[in-house]
Amino acid sequence: MTTTDMRPVDAGSGRAVSKKRPRGAATGGLRQAVSATTLLWVLACLYGLPVLWFVLSSFKPAGDLFSYPLTLVPHNPTLSGFKAAWDSANFSQYFINTTIVCVITTILTVGVSCCTGYALAKYDNTWLKVFFVCILATTMLPSEVMLAPEFLVVRDLGLYNSFAGIILPAVLTATGCFMFRQFFLTVPDELVEAARIDGARELAIFLRIMVPLSRPIMLTLAILSFQWRWNDYIWPLLMLNDPDKFTVQIGIQSIVGAQNINWSVLLGASVISMIPLIAVFLIFQRYVMGADINAGLKD
């Protein structure tokens with residue numbers, strides 16, 4: 001006869017054994033996390049050091065900017081560069097002009113891009129696909145190539161030397177259309193079909209369902225559009241010849257002299273021009289979050 005050894009199994013020991021993890025796996029995961037964090041900090045320092053040097057240099061007197069050895073922190077900080085920059089040009093008017101252009105352009109860009117992206121994503125039509133390819137094709141052309149024909153069109157429309165001539169050509173952007181199209185493709189078609197079955201019209205579906213869902217994309221594009229228009233220099237320089245309509249970037253360029261450059265004033269003006277962009281980003285960044293595109297759907 002064969003005797004079977006029946007030994008009780010300790011349930012607590014079994015649970016302890018099953019929960020035990022190899023030491024190497026934990027160490028490897030910690031090493032990967034530390035290495036990734038270290039790499040991110042190194043990149044942040046590489047990108048942030050020039051910006052920090054630029055901002056701190058704006059507080060230095062003109063004679064200390066090129067003193068040897070170079071120093072990061074100003075020994076005698078002063079606000080003379082900011083005051084001279086504000087007094088040397090009509091910065092208050094430049095800020096008003098640029099704010100008008102940026103706000104109107106951003107609102108129109110977000111609205112037009114949202115409508116275009118929804119049509120490209122949710123309507124199956126051959127001509128819409130061709131239109132989308134044409135929009136993407138504009139990104140393959142350098143912006144300098146399109147300046148001449150855009151200028152001729154705007155001039156012939158009678159929009160030269162006006163804010164409308166700056167705003168209208170910048171309303172439709174390939175980046176905005178692509179962002180909204182890719183987002184609306186991720187929205188389940190069942191959500192749209194359910195609204196149609198309930199009797200909702202296409203405009204109601206777009207305004208009451210799609211627009212609220214796309215709020216993160218709208219805010220992201222709004223921040224980018226505001227930044228693009230605020231930093232735009234070439235197109236306003238071509239379109240405007242009235243000093244009362246100049247934007248901030250043209251105003252900064254007017255500080256640069258033909259023979260010499262007052263770097264203290266130029267740095268102060270550049271830092272002043274950065275303040276609205278930083279404020280807009282800090283205000284709206286918390287609204288840029290992931291959207292729950294499956295809201296309202298049952299499993």
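The values are calculated or read from the model by the stated rules, or taken from the named source; none is laboratory data. Because the structure is a prediction, the values reported are computed rather than measured. Virtual Cβ from ideal backbone geometry, glycine too; neighbours counted across all protein chains shown. Keep in mind that these areas ignore ligands, DNA and RNA; they rest on the heavy atoms of the full protein, side chains included. Shrake-Rupley method; radii C 1.70, N 1.55, O 1.52, S 1.80 Å.
Which whole-number percent gives the relative contact order of segment 50-135, counting Cα pairs below 8 Å spaced six or more residues apart? Result for segment 50-135 is 19 percent. Each residue of segment 122-133 was assigned a 3J(HN,Hα) from its phi angle through the Karplus curve 6.51 cos²θ - 1.76 cosθ + 1.60 (θ = phi - 60°); the sequence is 10, 10, 8, 8, 5, 5, 5, 5, 5, 5, 5, 5 Hz, with glycine and proline shown as x. A 1.4 Å probe run over the protein chains yields, for segment 62-143, 61 Å² of accessible area per residue, whole-number rounding. Computed over protein heavy atoms with a 1.4 Å probe, the carbon and sulfur contribution to the accessible area of segment 169-229 reaches 60%. Computed from backbone phi, the HN-Hα couplings of segment 213-228 come to 5, 8, 4, x, 5, 4, 5, 4, 5, 5, 5, 5, 5, 4, 5, 4 Hz, rounded to whole numbers (Karplus: 6.51 cos²θ - 1.76 cosθ + 1.60, θ = phi - 60°; Gly and Pro given as x).
What net charge is computed for the residues neighbouring C114, neighbours being all others with C-beta under 15 Å from the C-beta of C114, Lys and Arg scored +1, Asp and Glu -1? Show your work: numbers first, answer last.
Values: positive: K122, R181, R208, R215; negative: E202.
So the surrounding residues net to +3.
Model label points for D124 and I107, set 7 angstrom from Cα along the Cα-to-Cβ axis, are 3.8 nm apart.
Calculate, for V42 and D242, the FRET efficiency according to 1/(1 + (r/R0)^6) with r their C-beta to C-beta distance and R0 41 Å; round to the nearest 0.05. Please report the intermediate quantities before stating the final value.
Numbers: r = 47 Å, r/R0 = 1.16.
Computed FRET efficiency for V42 and D242 comes out at 0.30.
The modelled label-to-label distance between L207 and F66, using points 7 Å beyond Cα along the C-beta direction, is 6.1 nm.
Taking all Cα pairs closer than 8 Å and separated by 6 or more residues, the relative contact order of segment 158-257 comes to 41 percent.
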